[in-house]
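Taking it in order: structure first as structure tokens, then the write-up.
The values are calculated or read from the model by the stated rules, or taken from the named source; none is laboratory data. What you are looking at is a predicted structure, and each value in this text was computed from that prediction instead of being measured. Positions of Cβ are backbone-derived with ideal geometry, glycine not excepted, and every protein chain shown enters the neighbour counts.
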Amino acid sequence: MIAQQLAEYAREQALWRLHKQEEYPEDARNLRCVAGLREFAAFIDELPHDDERLVLLDAIHDDSGTGVFMPGEWTSRRLSQFRFHVPNESCDELLRELPDLLVRDAQAFIEDTDPEGG
């Protein structure tokens, strides 16, 4: 289900941010982002499987049968920057943004693969 996939993706992004912290130790935003992504993953883990936000995400997201959360550029960027620029973002706020971002990713994919160019 989408909740497990999304939580795992957030944890992977947290690890990526941790590596960025090692690369740029003077930039505290990376550690703040790591903590935020871990909190977001825990937030997702605690939601009931029938949470309306998760049900909507599950309906929109297509994992192509991989069982892995595979966001496009818009969703990926947003998740990877959770609390990087805005320290007080809420997990609920992020979760509520994801459906629109997934749709935006799908539209971008269609535009990029449309042989008619549009």
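Worth pointing out:
- Members of region 57-69 found to be at pLDDT below 85 and of a type in the set (A, V, I, L, M, F, W, C), listed by number: 68
- Look at region 17-35: where a residue is closer than 14 Å to residue 79 by Cβ and modelled with pLDDT of 95 or more and a partner is assigned to a helix (DSSP H, G or I) and of a type in the set (Gly, Ala, Ser), sitting 6+ places away or on another chain with Cβ atoms under 6 Å, you get 34/14.
- Every pair of residues 6+ apart whose Cβ atoms lie under 6 Å, when the first sits in region 53-81 and is without any contact (Cβ under 8 Å) to a residue 40 or more places away in the chain while the second is in a helix (DSSP H, G or I) and surrounded by 16 or more Cβ atoms within 10 Å (Cβ to Cβ): 72/105; 74/101; 74/105; 75/101; 75/102; 75/105; 78/101
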